[in-house]
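Enquirer: The structure under discussion is supplied below as structure tokens; questions concerning it will follow.
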Amino acid sequence: MPSRSVDLVIRTSDPSQKVQVRAVVEKLDCLQAALLHLGDYLTGSDFRARGGSTELVRRKCTLYVADVRIGSFGATLELEPSMATTEGEPNLGEEAVAKFQEIVALVEREQDIESRVDLSITNPRHRTRIIRDLRDLWPDEREQLDVKVSFRGQEASQLTTTGRLVLDGLLYRQPDPEQVSVKGILGTAHVMPGEAFFRITGPDGRITCRITKEQQESAGRLLGKPTIVYGQAEFDSAGNVREITTVDRIEPFRELTLQRLFKEDTELVLREPVTLSIDYRDDLWVAENDDLGIVSTGEDYDACVQNFQDEFFFAWEEYGRVEDSQLTVGASNLKRLLVGLVQGAAR
């Protein structure tokens, strides 16, 4: 049965010393950030700029203090219990905890770590972000802390200073560790001699991008269209991208994959990702999948993606869970597609 909780114990290496509140808060923040970003990764290919986890991921992957024990610091941290999946699969929060448990074992095992972590978190941008979160959960030698985690009554795992060095090495080898990406609809802000300021509006907010003269032609072809901009950024005090100060590249944003689908407090876990074709027409975001015959629109990106998920849930309830004898030939074909996609569904 998947774990819904993490036991975290923090002590000083010197029993005569007390643990500082600041150190506890920093470790808790790192653990929570890692679970949120693991949740982002497990939902599919959608990558948000720093500070941009969706409200749904935050609800499902937020930890709550269930118990605090006497000692330097010991706590049981639990997920909210109300989240469920339709076919009995582990929900997003439980999967995030399981993935965290897997990474703890990999880092402390110290064998073929880089290749194993690459297999565990296949998306490089999500991987860089998660490794950065976890690195600061592991103790640095200068902190003189003893940190242990355990899951559902299992034997505790020691987070070692050697593991911290391993994570530092992994982070050093990740491609473009400081590069960020933002997506949205590209528009012109203003043009000056030698450079132009474009604005991209989407799920990461309204963000100004400095584009060089050499990049203006390619950017011009994407005006009014879904676009991803990669580059070096300035951040606001909340950790959100304020401006892309150096643009490395500009690409069309054409598709998105979803590994999990959500409707209110219910999840559908998929055997394989569903690919959505993304467009922007008549001031509306458009997401569609030709095989399923689903087309959704929305005035903003998040509404469009949620509307697609609502349509998938409707199709699953109307066709995927109905006996073939009650369906037309076309509806039976759609049911086969849906059953083949939904994890845990009887084929």
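Enquirer: For the residue pair residue 225 and residue 310, what label-to-label distance in nm results when each label sits 7 Å from Cα along the Cα-to-beta-carbon direction?
Expert: 2.9 nm
Enquirer: Let me ask something else. Going by C-beta contacts inside 10 Å, put 37, 190, 126 in order with the fewest on the left.
Expert: 190, 126, 37
Enquirer: Taking only C-alpha pairs under 8 Å that are 6+ residues apart, what is the relative contact order of the chain in percent?
Expert: Value for the chain: 15 percent.
Enquirer: Would you grab the residues whose amide H sits under 5 Å from the one on residue 294? Only those 5+ places off in sequence or on another chain, please, with H modelled 1.01 Å from N.
Expert: 289
Enquirer: Calculate the dipole size of segment 5-173 relative to its Cα centre from +1 charges on Lys and Arg beta carbons and -1 charges on Asp and Glu beta carbons; express the result in debye to the nearest 20.
Expert: With only Lys, Arg, Asp and Glu charged at Cβ, the dipole is about 440 debye.
Enquirer: Can I ask one more? Once phi is turned into ³J(HN,Hα) by the Karplus curve 6.51 cos²θ - 1.76 cosθ + 1.60 with θ = phi - 60°, what whole-Hz value does each residue of segment 132-147 show in order, with x for glycine and proline?
Expert: Coupling constants for segment 132-147: 5, 4, 6, 3, 7, 6, 5, x, 8, 4, 5, 6, 6, 10, 10, 10 Hz.
Enquirer: Which net charge results for the neighbourhood of residue 137, defined as the other residues with beta-carbon distances under 10 angstrom from its beta-carbon, given Lys and Arg at +1 and Asp and Glu at -1?
Expert: Net of charged neighbours comes to -1.
Enquirer: Fewest first, what order do 43, 161 take by the number of other Cβ atoms within 10 Å?
Expert: The order, fewest Cβ neighbours first, is 161, 43.
Enquirer: Considering the zone a paramagnetic label at residue 156 would reach in this model (a point 7 Å from Cα along the Cα-to-Cβ line), which residues of segment 3-18 have amide N under 12 Å from it?
Expert: Within reach of a label on residue 156: 7-13.
Enquirer: May I ask which residue of 201, 105, 295 lies farthest towards the positive end of the charge dipole of the chain, with charges of +1 (Lys, Arg) and -1 (Asp, Glu) on Cβ and the Cα centre as origin?
Expert: 105
Enquirer: Still on this structure, please answer the following. Which whole-Hz couplings ³J(HN,Hα) result when phi for each residue of segment 32-39 is put into the Karplus expression 6.51 cos²θ - 1.76 cosθ + 1.60, θ = phi - 60°, listed in order with x for Gly and Pro?
Expert: 5, 4, 5, 5, 4, 6, 5, x
Enquirer: If you don't mind, another one. For residue 148, go through the lysines and keep the ones whose alpha-carbon is under 16 Å away, minus same-chain ones fewer than eight residues off.
Expert: Counting by Cα, and skipping residues close in sequence, residue 148 has these lysines nearby: 27.
Enquirer: Cross-link candidates for residue 183: which lysines have Cα within less than 18 Å, leaving aside residues fewer than 8 places away along the same chain?
Expert: Here the lysines satisfying the reach criterion relative to residue 183 are 225.
Enquirer: Hey, what do the phi angles of segment 150-162 turn into as Karplus ³J(HN,Hα) couplings, whole Hz, using 6.51/-1.76/1.60 and θ = phi - 60°, x for Gly and Pro?
Expert: Running phi through 6.51 cos²θ - 1.76 cosθ + 1.60 with θ = phi - 60° gives 9, 10, 6, x, 6, 4, 5, 9, 7, 8, 9, 5, 5 Hz.
Enquirer: If you don't mind, another one. If R0 is 30 Å, what FRET efficiency do you get for residue 140 and residue 58 from their C-beta distance, rounded to 0.05?
Expert: Taking R0 as 30 Å, the efficiency between residue 140 and residue 58 is 0.60.
Enquirer: First check a/c for the chain, with a ≥ b ≥ c the square roots of the eigenvalues of its C-alpha gyration tensor; if it is under 1.5, answer rounded, and if not, answer prolate when a/b is larger than b/c or oblate otherwise.
Expert: Since a/c reaches 1.5 but b/c is at least a/b, the shape of the chain is classed as oblate.
Enquirer: I need 102, 55, 317, 311 ordered by Cβ neighbour count within 10 Å, fewest first.
Expert: 55, 317, 102, 311
Enquirer: Quick one: of the DSSP bridges fully inside the chain, what percent are antiparallel, nearest 5?
Expert: Bridges in the chain that DSSP calls antiparallel: roughly 95 percent.
Enquirer: Please give the Cα centre distance for segment 1-73 versus segment 251-313, rounded to the nearest Å.
Expert: The two parts, judged by their Cα centres, are 29 Å apart.
Enquirer: For residue 257, what residues show an amide H to amide H distance below 5 Å, using hydrogens built from the backbone and excluding near sequence neighbours?
Expert: HN-HN under 5 Å from residue 257: 45, 46, 276.
Enquirer: Does segment 273-347 come out rounded, prolate or oblate by the C-alpha gyration tensor, with a ≥ b ≥ c the root eigenvalues, rounded set by a/c under 1.5 and, if not, prolate when a/b is larger than b/c and oblate if not?
Expert: Prolate, because a/c is 1.5 or more and a/b exceeds b/c.
Enquirer: Give the lysines reachable from residue 335 as a straight Cα distance under 29 Å; neighbours fewer than 8 places away on the same chain don't count.
Expert: Within the straight-line cut-off, residue 335 pairs with 60, 263.
Values in this text are rule-based calculations from the coordinates and carry no lab data. Computed from a prediction, not measured in an experiment: that's the story for all the values here. Every residue, glycine as well, gets a Cβ built from its backbone with ideal geometry; the counts of neighbours run over all protein chains shown.
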